[in-house]
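All of the numbers you see were taken from the coordinates with simple rules; none came from a lab. As the structure is a prediction and not an experimental result, all values here were calculated from the model. Here Cβ is always computed from backbone atoms with ideal geometry, including for glycine, and neighbour counts include all displayed protein chains.
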Amino acid sequence: MLIVDGVSKVYQSKVREKLWKTTYKEVKAVEDLSFQIEPGKIIGLLGMNGAGKTTTIKMCTTLLEPNSGSITVDGYDAVKDDRKVKSLVNMIAGGERMLYWRLTGRENLNYFGNLYGIKEATLKQRIDLLLKEVGLEDAADTPVEQYSKGMKQRLQIARGLINDPKYLFLDEPTLGLDAPIAKHLRSYVKTLAKEKNKGVLLTSHYIDEVEELCDEVYILDKGRLILHDTPERLTASVFKENSLHIWVPALPNRTQKELEKLLRTYHAKMEIKQSIDLEEIEIIIKTEQEITSSVLALLSNHQLTVLKLVVEQPKLEDAILHLAERRIG
Amino acid sequence: MLQTAKATFHRNMISMIRAYPWSFFLSHILSGIYTVLFAYFTYTYVFEGVLDSRFSNYAGTNDYLSYVFLGGALFSFAVSTLMNVSRSLITEQREGTLEALLLTPSSRKGYFLGNVTQQITRTLLEFLIILIFAFLLGLQFKHIHFLSAIFIWFCAVIGFFSQALLLGSVMLYFRDTYITQNTLFVTMAFVSGVTFPIGYLPEWVAPLSWMMPLTPALEAFRHSVLEGQGLAASGSQLLHLSFLSFLYLIVGSLGIKKTEKIVVEKIFS
């Protein structure tokens, strides 16, 4: 298990005040953060820009040392036993960096495999397997500089798996990828966790990705952990209301009054919007209870045709924005 | 360590074949040739072949042209080695591969060893081209002690490699290549006995001379090539070179380790 225990990280950055005068400013990137990653689980790390997500990943992968607290990976300390920890973890970041563009895909994997001290026979087999899994078999012997952005990203994934890590860190892995490739990547990440028992930590700006993949979500704000739960419970704890959107050709006064009376019994709120061309009316009902069937029955009794019906459940993205606004406020 | 060294050698070799750094290759050869030509013209047309009486005392030879030709060739070789090895980490940072490299548990010594052995295949060629050019202008090989010359050249490679580790950590810290390395190269050319014996230098410059592995390497190399002497004649120079190599290897290795961490912090802060 990967255990992050009370970790803090402070950056010192130079501020040049005059030509010869420089002062140092301290920025708390991560403050007293604790969490765990179990093998087979996908953990989401969310937050606005500057929340401390990338710093956390860099500390877990030994690239940065925490100022206080500890990170242990299967019992090995990330600072004292960094070489052992490096062999257990790997990281995949979005974008086109972290690859040698003059080398082919196969040569890149071969180089990184050697840096991990993998034996030649094992490495050859693993490279063939990974190239097949990320769909780069045909381009294996083409220099990376001739790859498309999606191909480079797929090769990055293969590089991140070359040491068969027990814990994988994905920092915005689908950034800038086309939708089908991103979808394929998401399904592959799920397979890695559920079938290959790898512990995965994911940061992403695409909330749908986090909702789809993660077993648990940690939300950071200015380096501090502000919430931790499953995506579903997290959403429900912040937003309990569902939105019911009903489009009708008209809404007579008598129907509107009956509807208001019904909604009062459920403590629901209603808003009515007329379309620009005056041909339809949108009724927006916000409620914590399931009242769709009662509302539809009432409209049917008043012989109103329902043109369209949409039930909107709260989204994790809304929950995060709401939390951020609440903290700023 | 050896697996990393071998893999890095192979990686650099492939990169070099796919995109040969012709401009570096030519500029190193040309700077060596220019040093040789400058010395030749100055000696022939300015001084009209007349040497200062102290020269043979300081240099141990009267053959000024051979003295300068060897100096220019070894200086050019030192510059190439220092430049290629010290730039390797900062190049990784500029090309966006430093993080991927630091993520691995690979040996940094192995990484640099791979870099230096690969670059020798290129710089040795540059060195030989300059020597051939110098030979055409009059460099004498008639007394050369081959085994001794090759051994001293090998020791010089270790010295330049160790110095490159320290230079590399300074360059990585300041994230600068141009000012740092060119300041060092100009200083080396002036204080290491490339075109004139260090005996001509004022006393206060002497510590700078002693700090450069090129100084004892050049003295020993000239003993074996121009005077045909064995290793015993260059004992003190080899001891000096070994001491500097050991010192720079330790300081450079520690410096690189510390600088890597500082640089990663700087990038993210």
* How far is the Cα center of region B:26-56 from the Cα center of region B:84-100, in Å? -> 37
* **Inter-chain shielding of B:11-17 (mean C-beta neighbours from other protein chains, 10 Å cut-off)** => 4
* What percent do you get for the relative contact order of region B:144-229 when only Cα pairs under 8 Å and 6+ apart count? -> 50
* Structure fact -> Under the helix-only model (-39500 (n - 2.57) for each DSSP H run of 4 or more, divided by the residues of the protein assembly as shown), the mean residue ellipticity at 222 nm, to 500 deg cm²/dmol, is -18000 deg cm²/dmol
* Peptide-level mean, for A:110-122, of C-beta atoms on other protein chains within 10 Å -> 5
* Highest-fluctuation residue, A:129, A:177, A:185 considered, GNM on chain A with Cα pairs under 10 Å -> A:129
* Asked: Which residue fluctuates the most in chain B, going by a Gaussian network model with Cα springs under 10 Å, if the choices are B:69, B:221, B:151?
  -> B:151
* Asked: trypsin sites (Lys or Arg not before Pro) within region B:12-102: which are DSSP loop residues with at most 15 other Cβ atoms inside 10 Å?
  -> B:54
* Enter the Cα centre distance for the pair region A:166-230 and region B:202-254, rounded to the nearest angstrom. => 57
* **Cross-link partners of residue B:6 among aspartates and glutamates (Cα-Cα below 20 Å; sequence separation of 8 or more within a chain)** => A:107, A:120, B:92
* Summing Lys, Arg as +1 and Asp, Glu as -1, what charge do residues with Cβ under 12 Å from the Cβ of residue A:197 carry, residue A:197 excluded? -> +2
* Asked: What is the magnitude of the charge dipole of region A:57-165 about its Cα centre, with +1 placed on the Cβ of each Lys and Arg, -1 on the Cβ of each Asp and Glu, and no other charges, expressed in debye to the nearest 20?
  -> 140
* Structure fact -> Taking Cα pairs closer than 8 Å and at least 6 residues apart, the relative contact order of region A:170-230 in percent is 29
* trypsin sites (Lys or Arg not before Pro), restricted to region A:41-137: which are DSSP loop and have at most 13 other Cβ atoms within 10 Å? -> A:80, A:119
* Asked: Taking each residue of A:101-107 in turn, how many C-beta atoms of other protein chains fall within 10 Å of its C-beta, and what is the average?
  -> 4
* Asked: Taking chain A as a Gaussian network, Cα atoms linked when under 10 Å apart, which of A:31, A:282, A:271 shows the biggest mean-square fluctuation?
  -> A:271
* Using a Förster distance of 22 angstrom, determine the FRET efficiency expected from the C-beta separation of residue A:257 and residue A:286, and round it to 0.05. => 0.70
* Structure fact -> For residue B:186 and residue B:250, extending 7 Å from Cα along the Cα-Cβ vector and measuring point to point gives, in nm, a value of 3.2
